[in-house]
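Each reported figure results from applying straightforward, stated rules to the coordinates on display, with no laboratory input. Quantities reported herein were computed from a predicted structural model and do not represent experimental measurements. Cβ atoms come from the backbone with ideal geometry, glycine included; neighbour counts cover every protein chain shown.
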Amino acid sequence: MSIEEKDNLRTDDSVLLLCIVYKNHQDVSCFLQNVLEQDTDRRLRIVVTDNTPGHSDLDCSWLQDSGKTALEDGRLKVIGDGSNQGYFGGFRKGLELARTEWDAPARWTILSNTDLRIKSRQWISTLIDDSDSTAILAPKIISGLSGKNQNPIYRSRPPALKFILLRHVFAYGWSTALYRYGALIKAKLTSQNRTQQSLPDGQEIYGAHGSFICIPAAYFQCGGQLACESFLYLEEIFLAEEAASLGIKIRYTDRIVVYHDEHASTSLIPPPQIRKHLAKAHELAYEILSR
């Protein structure tokens, strides 16, 4: 289906928020408390995919007051089968549930980390009122570690060679530590010296940072599936390539501001099993960008 045909399909004035919990139920509960307090017009639908191994989705005792109320009145759904579906795998599972629970698709679907705070209290109405709703939006995301704006993560399509080199970097603990701490120092210097070039609102970019992505209904109506081959990491590349294949643009916006604490579930210097996912994701990205 073309973008031009998307207006013929029905959506409602709601925003679907998809997020993942992985052994950090209290953090997710605080995140939900924050976003539900901002949802004064009750336009949010929320699906939390519980990726915690062995944890039943029937146990929602970790929710705080606003979360429990939203669960009772149907605005919040929790799904999980006791296995880890991965990052985009968890989002796809949440999206499938949303499609069975609510008749009309939401105008926007948000893929969100939970180690963040949304500073823009009117972000929901900002999205609902956006007349140009065919582009994926990449908001201003301020890193809690460096203070740097993480968007755009890729202003233009990156070279494939970069990812095969990083695949070897992440194969070892010492090289991963050197790379990540070096990148953090560079980001802090960029933030402190204010040398990061700011983009105008609406500027087209290649890739949006994966911690908070705003996806319009048009993406799914044109056939978008959140088809990420990686279990963890590099979802920005997979989404960018799928969006490009559908004719969906990705644009930066500074009308929504998010503070990102970072690495709440995976840590800055990840353990060996997480490094394996990092290395594999970079290998897959190399293959995709080499096509």
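Rounded to whole Hz and in sequence order, give me ³J(HN,Hα) for the stretch 112-121 from the Karplus expression 6.51 cos²θ - 1.76 cosθ + 1.60, θ = phi - 60°, writing x for Gly and Pro.
In residue order, the calculated couplings are 10, 5, 10, 8, 8, 10, 8, 6, 6, 5 Hz.
Number of Lys pairs in the stretch 104-219 with C-alpha atoms less than 17 angstrom apart, excluding same-chain neighbours closer than eight positions?
Eligible lysine pairs with Cα atoms under 17 Å apart amount to 6.
Could you give the length gained by full extension between SER120 and LEU161, i.e. 0.36 nm per residue of separation minus their alpha carbon distance, to one decimal place?
11.0 nm
Which order do the peptides 210-222, 41-53 take when ranked by the mean count of other beta-carbon atoms within 10 Å per residue, highest first?
Put in order of decreasing packing, that is 210-222, 41-53.
List every residue whose amide H lies under 5 Å from the amide H of ALA138, counting only residues 5 or more places away in sequence or on a different chain, with H placed 1.01 Å from N in the peptide plane.
Long-range HN contacts for ALA138: ARG251, TYR252, THR253.
Spelling out what I want: for every residue of the stretch 51-68, take phi, set θ = phi - 60°, compute 6.51 cos²θ - 1.76 cosθ + 1.60 (Karplus), and round to whole Hz; glycine and proline get x.
Going residue by residue, I get 8, 6, x, x, 9, 7, 6, 7, 8, 10, 5, 6, 6, 8, 4, 4, x, 5 Hz, with x marking Gly and Pro.
Would you mind putting 277-283, 160-166, 74-80 in packing order, based on average other-beta-carbon counts within 10 Å, highest first?
Per-residue Cβ counts within 10 Å, averaged per peptide and sorted highest first, yield 277-283, 74-80, 160-166.
Suppose a student asked you for the relative contact order of the chain, using Cα pairs under 8 Å spaced at least 6 residues apart; what percent would you report?
Contact order relative to length: 26 percent.
Percentage of Cα-Cα pair distances in the stretch 112-262 greater than 29 Å, rounded to whole percent?
18 percent
Which one, ALA285, VAL35, LEU189, projects farthest toward the positive side of the charge dipole computed for the chain from Cβ point charges (K/R +1, D/E -1)?
So the residue furthest toward the plus end is LEU189.
Which one, LEU161, ASN149, VAL257, projects farthest toward the positive side of the charge dipole computed for the chain from Cβ point charges (K/R +1, D/E -1)?
Working it through, the farthest residue towards the positive pole turns out to be LEU161.
Could I get the Rg over Rh figure for the stretch 33-137? Both from C-alpha atoms, Rh via Kirkwood, rounded to two places.
0.95
Could you check the simple spin-label distance between GLU96 and TYR172, using points 7 Å along Cα→Cβ, in nm with one decimal?
With each label placed 7 Å out from Cα toward Cβ, I get 4.1 nm.
Report which label in (1) 16.7; (2) 20.6; (3) 14.6 holds the value of mean projected area of the Cα convex hull in nm² derived from the coordinates of this structure.
Only one listed value fits the structure, namely (3).
May I ask for log10 I(q)/I(0) of the stretch 79-198 at q = 0.10, 0.13 Å⁻¹, from a Debye sum over the Cα atoms as equal point scatterers with solvent left out?
Per q value, in the given order, log10 I(q)/I(0) is -0.50, -0.84.
In nm, give the distance between the simple-model label positions of ASP103 and GLN38, each being 7 Å from the Cα along the Cα-to-Cβ direction.
About 3.0 nm, to one decimal.
Per residue of the stretch 233-243, in order, report the coupling 6.51 cos²θ - 1.76 cosθ + 1.60 (Karplus, θ = phi - 60°) as ³J(HN,Hα) in whole Hz, putting x for Gly and Pro.
6, 6, 4, 4, 5, 4, 5, 4, 5, 5, 4
Between ILE185 and VAL257, how many nm apart are label points set 7 Å from Cα along the C-beta direction?
Label at ILE185, label at VAL257, 3.0 nm between them.
What residues qualify as long-range amide H neighbours of THR52, i.e. H under 5 Å apart, gap of 5 or more or another chain, H built at 1.01 Å from N?
Distant-sequence amide H within range of THR52: LYS23.
Of the options VAL78, TRP62, HIS25, report the single residue whose Cα projects farthest towards the positive end of the charge dipole of the stretch 20-80 (beta-carbon charges: Lys, Arg +1; Asp, Glu -1).
Comparing the listed Cα positions along the dipole, VAL78 ranks first.
Would you mind checking the stretch 141-176 for residues with the amide N under 16 Å from a putative spin-label position 7 Å along Cα→C-beta of ILE269?
It comes to 170-176, nothing else.
Quickly rank 28-36, 171-179, 245-253 as a protection proxy: mean count of other C-beta atoms within 10 Å, highest first.
Going from most to least packed, we get 28-36, 245-253, 171-179.
Want the number for GLU229 to GLN64: 0.36 nm per residue separation, take away the alpha-carbon distance, what's left?
56.0 nm
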